[in-house]
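Q: Handing you this structure, nothing more for now.
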Amino acid sequence: MANKSVLGLFVDENVVGDTLSSLRKSGYKDNELEVMTGSPYPEGTFGEAEPHHKLFRYPIFGAVIGFTVALIITVGTQLAYPLVTGGKPILSIPPMLVIFYEMTLLFSVIVTILGALFESRLPKIFMGAYDERIMTEGYIGLVVTVSESRIKKAEDTLKKFGAESTKRGWE
Amino acid sequence: MKLEYDSKTRKGKLIYPEKVIERSLGKVPPSKDLIDKHLHKRGGMFRISLMFTAIFSVIGILGTIFKIINGFDNLSDWSVYVTACVFIFTTFMGAPMLSMATKVARGNWSRPVSRLSEIFCISGIAGLLMFLPILWVLPSLEDGRNTLWFYDPGKVPAYSPHIWTTIAMIAFILTALALLWINARPDFAILRDNSKGKNKIYSFLSWGWVGSTKQWNSLRQRVSILGIFYFMLLITVHFCLASDFLMTLLPGWIDSLYPVTQAHNAIQGGVAVLIIAVFIAWKWGGYKQYIGLDQFWGLGKLLFGISLLWVWFFISSLMVLWYGKKPNERDVLQILMFGKYLPVFLGTIFFVFIIPFTLLILNNVRKSFYGPPIIAISVLIGNFLDRFRHYSSAYSLDRTIDENTHRFANLPEIYVPSIVDIMVLLGAISLPIFLILIISKYVPIISLWENREYILYGSHEKYHHTEVLVEGKPY
Amino acid sequence: MQEHTQLSDKEITDDLLSPVIRSPKWFWMTIGSLGLIMLLGLSGYVWELYSGLGVTNVKRPVYWGAYITNFVFWIGISHAGIMVSAILRLTQAEWRRSITRAAEVLTLFSLIAALSNILFHVGRPWRIYWITPLPPVVIGYDFARGIWPNIRSPFVWDPVAVGTYLLSTILFIYTCLLPDIALVRDKVKSKIPKIIYSVLALGFRGTPRQWKIQATTPILLSALVLPIFVSVHSIVSWDFAVSIAVEGWHSTIFAPYFIIGAIHSGVSAVACLMAGLLWLYKLDKYIKPDHFDAIGRLLVIVATIWLFTLFLEWIFALYPLEDPEIALRNMQVFQSPWNYLFILFLFTAYIIPVSAWLFKNIRRSAKWMFFTTILVNVGMWLERFLIIIPGLSRRTELSFNWGSYSPSLVEMGLVAFTFAFVICGILVFARIFPIIPPFDVKEGMRLRHVIKIGKRNISAVVRE
């Protein structure tokens, strides 16, 4: 059965935290619950599960790619057509260091950005349950994503805990 | 978030109130534990260290006397001596910089280690004592040595660089000592009021400190002004040492960046030696409650950044000297890097850059108790090798010019230290440590007032369903 | 940072998005005027393409003129933007929130302006792609001679470094912009802009995971971009320093000297930009006198370090006591018109601004910071001019080859073009995206605490 989502809009951080705790106690799993805010909060403000990411691996991975590309560009192109310039050896270390350095950093940055998008689970084509007031007015959204049979109960729980309004998602 | 908001009409605004935390030091006395730790009799390990450093310092002094007896004419005999002296200035005397820099940046993590960094200024006395014989070693301007000071016979005294460097060095050391005393005055007052038996010493050192608002304000002003002077004098001393006491002895070496490079190396060496001192205080000094992972992490990050800068300074010089293939520059590179001193050069790169970079880039190593100290030892070894390849090669250089090629007739072999040189080296490392150990008996190595001050500005607070650190910055 | 105005999310959104939602009254007039300047400049370039480089005054022995001066100048300006942003992010300084994006955007347009100068400077811009080592199956490879770019040349290092920096800056800005694009997506009502912003926002919703990545990525990128920033201007400085033929260029201090000069002129440009944005968009709730004070104090330190590197450059140039070098320095200091330019450069780049910045009232005043920082950039443009032109004018041993140089109308027009381009670019950016990050400011409001000690209230901030 396809999953459906319902969004509850709240004003108070503590109410969101309490709602999240009681939803967990009612049997909802962490991956069925999601908080949305218009600006960052300190981690754990709502008692949400700590997001784990592997973002720190991407720069090193990118650096290795960049180093390899630099190796091919410098060594490969200069040996392909050896032309002595300025009395320097064909493979001169100081200039090669410059190209190595730049390429390593460039690919490190590119792969880090791609990693950041991947770890953020972007691009997300279907946004699910969402309300514009989260970004524009500072409301806090609590989204429950469950099977269709449980969605009504989730919506009632959100209303019971004082959600300003609830909204079903467009999947 | 507070709701000043009517949900029916949807009018109003959601606003974050400023959370107010009340703080007071009124009922919080200075840390009794820290006072007791400072005042209690030092243990066996301290006394053994004191004894060994004293013995090696005497050996070093004897070595210096032998050298003086042998005379000042042969420059190459003094290579290692000069290396050792400059090593003190590029390690021990760079450490106080951390305290000044973090006070300007208003970083709270350095509070437990700032006093330890300031205490290193006492090693300047050892450096100055070692430096004095070198004034007779360095040729005067009359001997034809080229200099930055545009020597004009009769217009500039022949020993002007010697005099200016000595004045700069004395000013540097005095500024550092003044900074230590000014920063430690409140602590001396605390000890005056809490110690039994040593009241007279602390009364004298505290110099009438009562903690009035005027005194605190003037402390802050003096520290910022003297801190700036300290930095300027660090640059000046290294500028004088690197230009007159090094570069002018290697004809053909025109490197406008090197004085700045040496000043930077001093800061790097200072951070490294401070990390080791902090580790010793943490591991064996009984300060585990006060020195934590944050301090090693902060110092590790600094060491990492500074080691990266080392390579930038190095490549900046190398690229310009290497690229044009001018004969004088090629000779300089042969002498300092690619000739006989190649193993020393490779060792320098390995210890001062490759090891810190490859290890400190890993977060687990940077944020650990043992990682930064081990890497700091590597940096100090590399720092010494760097000084060695510069000063030993310059002082042991044969300056005969070949008439046909107009280049050096002979490039220097690696200078091999003699027994007397080893004695001097041991003394150069031990005497600063000895002086630091002595002064630590009177100056608390963890600042009592700074750590007490932090109670006002830093605390853990509950934040909805989590806990956060709240830090205030009053200035 | 003691001054503060506590605002609600809605107020912040409305204030910072109003320039995006509707153009201010002065906007189109300003864009029009700047567009006119750009058009005039570009028409000069069309004339140059048609007639050849002879329309500039670049000739033997001064082969590098206003274009290269301008190139180095804009590279310098571009540096401080990312540097200020990166260092303030790494040190978690609270006062960064209002200025990081403006600084990054300044970097972006300055880099493009710098690269455009290379396009103006080369004689045959249709061959500029030869600098790229694209494989034979794509254009870029000189099929006739089978030559690859010479990686031993500083002119190959330059595009690699500047290209890396440009791409990194674009990616940096875009990643940090994502939450604000999402905000604009949710705020705009018109259909087509909503679709465009929705596509650009990539579906950003503000989940804790996304915010955690948003917090971590700029710190990682700052740590990666700072080494790039150091390398770019070092490499540009080596265009001059590795040459042994030109007096006044062959000095190892050039890399730090150029970088510290770039920080000096760039941070001044950031301060100038902040003052401009404050007036144009009425951002007094977000840009406070404390910001200018902090930047002013940084500038005093940076300017003094810069002066020291200038001193080192001069003193080590004279140290070998070589006649050509001494003759060049004599010319720069005592001979007209160089002596007037030199004095003007010293006064505008250091003496007047730094003397002014020693006073707190001037540091805290947006008006005074605006004018003193413009003076700095006048001085720094002259500094680059005085490095490049005098050395070249006496480059050869044979004195009959010595020449002089003054920029032609075409060159001055294109220099004006670059200034208009950068200002126009920033204004257009501010029209499309919020120039102060709303999410960052909201976070600052939320994390703000007050520590009350007796009668004193001290601002405090949450550190996770």
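The values are calculated or read from the model by the stated rules, or taken from the named source; none is laboratory data. Bear in mind that the values here come from a model prediction, so they are computed numbers and not experimental data. Backbone-built Cβ (ideal geometry, glycine too); neighbour counts: all protein chains shown.
Q: Pairs only if they're at least six apart or on different chains, beta carbon under 8 angstrom, first in the stretch A:12-23 and facing chain B (nearest Cβ under 10 Å), second of a type in the set (Ser, Thr, Tyr); list them, first residue then second.
A: Correct list of pairs: A:GLU13/A:TYR41; A:GLU13/A:THR45; A:GLY17/A:THR45.
Q: Taking the condition of being without any contact (Cβ under 8 Å) to a residue 60 or more places away in the chain, surrounded by 18 or more Cβ atoms within 10 Å (Cβ to Cβ) and within 27 Å of C:MET83 (Cβ to Cβ), how many residues in the stretch C:161-192 meet it?
A: Residues flagged as without any contact (Cβ under 8 Å) to a residue 60 or more places away in the chain, surrounded by 18 or more Cβ atoms within 10 Å (Cβ to Cβ) and within 27 Å of C:MET83 (Cβ to Cβ) within the stretch C:161-192 amount to 4.
Q: Moving on to the next point. Take the stretch A:116-140 and flag every residue that is over 30 Å from C:MET445 (Cβ atoms) and either within 7 Å of chain C (Cβ to nearest Cβ) or crowded, with 22+ Cβ neighbours inside 10 Å (or both).
A: Once the filter is applied, which keeps residues that are over 30 Å from C:MET445 (Cβ atoms) and either within 7 Å of chain C (Cβ to nearest Cβ) or crowded, with 22+ Cβ neighbours inside 10 Å (or both), the stretch A:116-140 yields only A:ILE125.
Q: Which one of these does B:VAL223 not meet: (1) modelled with pLDDT under 95; (2) over 30 Å from B:ASP36 (Cα atoms); (3) part of a helix (DSSP H, G or I)?
A: With (1) modelled with pLDDT under 95; (2) over 30 Å from B:ASP36 (Cα atoms); (3) part of a helix (DSSP H, G or I) applied to B:VAL223, the lone miss is (2).
Q: Assess whether B:SER316 counts as being more than 21 Å from the chain's Cα centre (by Cα), within 14 Å of chain C (Cβ to nearest Cβ), of a type in the set (S, T, N, Q) and within 26 Å of B:LEU359 (Cα to Cα). Explain how you work it out, then say what you get.
A: Details: more than 21 Å from the chain's Cα centre (by Cα): yes; within 14 Å of chain C (Cβ to nearest Cβ): yes; of a type in the set (S, T, N, Q): yes; within 26 Å of B:LEU359 (Cα to Cα): yes.
Yes; evaluated as a whole, the condition is true for this residue.
Q: Any idea which of C:PHE347, C:PHE342 is assigned to a helix (DSSP H, G or I), at pLDDT 95 or above and over 22 Å from the mean Cα position of the chain (by Cα)?
A: Details: C:PHE347 fails: over 22 Å from the mean Cα position of the chain (by Cα).
Being assigned to a helix (DSSP H, G or I), at pLDDT 95 or above and over 22 Å from the mean Cα position of the chain (by Cα) holds for just one of C:PHE347, C:PHE342, which is C:PHE342.
Q: Hey, could you check the stretch C:3-13 for residues that are more than 9 Å from chain A (Cβ to nearest Cβ) and surrounded by fewer than 19 Cβ atoms within 10 Å (Cβ to Cβ) and say which is modelled with the highest pLDDT?
A: C:GLU11
Q: In the same structural domain as A:THR19 (by TED's automatic domain parsing), in contact (Cβ under 8 Å) with a residue 40 or more places away in the chain and in a loop (DSSP other than H, G, I, E, B): which single residue out of A:ALA163, A:ALA154 fits that description?
A: Being in the same structural domain as A:THR19 (by TED's automatic domain parsing), in contact (Cβ under 8 Å) with a residue 40 or more places away in the chain and in a loop (DSSP other than H, G, I, E, B) holds for just one of A:ALA163, A:ALA154, which is A:ALA163.
Q: Same structure, new question: For the stretch C:260-310, what are the residues that are of a type in the set (Phe, Trp, Tyr), in a helix (DSSP H, G or I) and in contact (Cβ under 8 Å) with a residue 24 or more places away in the chain?
A: Answer for the stretch C:260-310, where residues must be of a type in the set (Phe, Trp, Tyr), in a helix (DSSP H, G or I) and in contact (Cβ under 8 Å) with a residue 24 or more places away in the chain: C:TRP279, C:TYR281, C:PHE292, C:TRP306.
Q: Moving on. Could you tell me whether the stretch B:397-417 includes any residue that is part of a helix (DSSP H, G or I) and exposed (fewer than 14 other Cβ atoms within 10 Å of the Cβ)? It would help to see each step written out before you state the result.
A: Taking the stretch B:397-417 first, the residues part of a helix (DSSP H, G or I) are none.
Among the residues of the stretch B:397-417, not one is part of a helix (DSSP H, G or I) and exposed (fewer than 14 other Cβ atoms within 10 Å of the Cβ), which makes the answer no.
Q: Before we move on, is A:LEU97 within 11 Å of chain B (Cβ to nearest Cβ) and over 22 Å from the mean Cα position of the chain (by Cα)? Can you show your working first?
A: Working: within 11 Å of chain B (Cβ to nearest Cβ): yes; over 22 Å from the mean Cα position of the chain (by Cα): yes.
Yes, satisfied.
Q: Here's a follow-up. With the condition kept exactly as written, say whether any residue in the stretch C:429-443 is in a helix (DSSP H, G or I) and within 11 Å of chain B (Cβ to nearest Cβ). It would help to see each step written out before you state the result.
A: First, the residues of the stretch C:429-443 that are in a helix (DSSP H, G or I): C:429-432, C:438-443.
Next cut, within 11 Å of chain B (Cβ to nearest Cβ) only: C:442-443.
Yes - at least one qualifying residue is present in the stretch C:429-443.
Q: Can you confirm whether B:LEU437 is at pLDDT below 90, among the aliphatic types (A, V, I, L, M) and on the phi < 0 side of the Ramachandran plot?
A: No, not satisfied.
Q: Then there is this: Going through the stretch A:1-15 one residue at a time, which ones are closer than 21 Å to C:PRO438 by Cβ and not in a loop (DSSP other than H, G, I, E, B)? I'd like the intermediate steps shown before the answer.
A: Initial filter on the stretch A:1-15 (closer than 21 Å to C:PRO438 by Cβ): A:9-11, A:13.
Within the stretch A:1-15, A:LEU9, A:PHE10, A:GLU13 qualify.
Q: Is it true that some residue in the stretch B:205-214 is within 14 Å of chain C (Cβ to nearest Cβ) and surrounded by 17 or more Cβ atoms within 10 Å (Cβ to Cβ)?
A: No, the stretch B:205-214 contains no residue that is within 14 Å of chain C (Cβ to nearest Cβ) and surrounded by 17 or more Cβ atoms within 10 Å (Cβ to Cβ).
Q: I'd like the full set of residues that are assigned to a loop (DSSP other than H, G, I, E, B) and out of contact with any helix residue (DSSP H, G or I) (no Cβ under 8 Å at 6 or more places or on another chain), limited to the stretch B:340-361.
A: Once the filter is applied, which keeps residues that are assigned to a loop (DSSP other than H, G, I, E, B) and out of contact with any helix residue (DSSP H, G or I) (no Cβ under 8 Å at 6 or more places or on another chain), the stretch B:340-361 yields only B:LYS340.
Q: While we're looking at this one, here's another question. Checking C:TRP130 against (1) at pLDDT 90 or above; (2) buried (at least 16 other Cβ atoms within 10 Å of the Cβ), which test does it fail?
A: Result: C:TRP130 fails condition (1) only.
Q: Also, quick follow-up: Write out, first by first residue and then by second, each pair whose Cβ atoms fall under 9 Å of each other, whose residues are 6+ apart or on separate chains, and whose first residue, in the stretch A:104-130, is acidic (Asp, Glu) while the second is in a loop (DSSP other than H, G, I, E, B).
A: A:GLU119/A:PRO51; A:GLU119/A:HIS53; A:GLU119/A:LYS54; A:GLU119/A:LEU55
Q: Moving to a separate point now. So, of the residues in the stretch B:426-475 that are more than 14 Å from chain A (Cβ to nearest Cβ), within 27 Å of C:ARG463 (Cα to Cα) and basic (Lys, Arg), which turns out to be surrounded by the most Cβ atoms within 10 Å (Cβ to Cβ)?
A: Result: B:ARG452.
Q: Could you list all residues from the stretch C:444-460 that are among the charged types (D, E, K, R) and either in contact with a Leu (Cβ under 7 Å, 6 or more places away or on another chain) or in a strand (DSSP E or B) (or both)?
A: Keep residues of the stretch C:444-460 that are among the charged types (D, E, K, R), which gives C:446, C:448, C:452, C:455-456.
Residues satisfying the conditions are C:ARG448, C:LYS452, C:ARG456.
Q: Has the stretch C:219-234 got any residue that is touching a helix residue (DSSP H, G or I) at 6+ places or on another chain (Cβ under 8 Å) and more than 12 Å from chain A (Cβ to nearest Cβ)?
A: yes
Q: Further question on the same structure: All but one of (1) within 13 Å of another protein chain (Cβ to nearest Cβ); (2) at negative phi; (3) out of contact with any helix residue (DSSP H, G or I) (no Cβ under 8 Å at 6 or more places or on another chain) hold for C:SER406; which doesn't?
A: The failed condition is (1).
Q: Quick check on the stretch B:79-90. Is at least one of its residues within 19 Å of B:ARG185 (Cα to Cα), in contact with a helix residue (DSSP H, G or I) (Cβ under 8 Å, 6 or more places away or on another chain) and buried (at least 24 other Cβ atoms within 10 Å of the Cβ)?
A: Within the stretch B:79-90, not a single residue is within 19 Å of B:ARG185 (Cα to Cα), in contact with a helix residue (DSSP H, G or I) (Cβ under 8 Å, 6 or more places away or on another chain) and buried (at least 24 other Cβ atoms within 10 Å of the Cβ).
Q: Go through (1) of a type in the set (A, V, I, L, M); (2) away from chain B (no Cβ under 14 Å); (3) under 25 Å from C:GLY203 (Cα atoms) one by one and return the number of the condition A:ALA80 breaks.
A: It is condition (3) that A:ALA80 fails.
Q: Looking only at residues in the stretch C:80-97 that are surrounded by fewer than 24 Cβ atoms within 10 Å (Cβ to Cβ) and among the β-branched types (Val, Ile, Thr), which one is farthest from C:SER222 (Cα to Cα)?
A: By that ranking, first place goes to C:THR91.
Q: Within the group B:VAL271, B:VAL237, which residue is in contact with a Gly (Cβ under 8 Å, 6 or more places away or on another chain), aliphatic (A, V, I, L, M), touching a residue at least 40 places away in the same chain (Cβ under 8 Å) and surrounded by 24 or more Cβ atoms within 10 Å (Cβ to Cβ)?
A: B:VAL271
Q: In addition: Taking C:ALA356 as meeting all but one of (1) among the small types (Gly, Ala, Ser); (2) under 30 Å from C:GLU325 (Cα atoms); (3) in contact with a Ser or Thr (Cβ under 7 Å, 6 or more places away or on another chain), write down the number of the exception.
A: (2)
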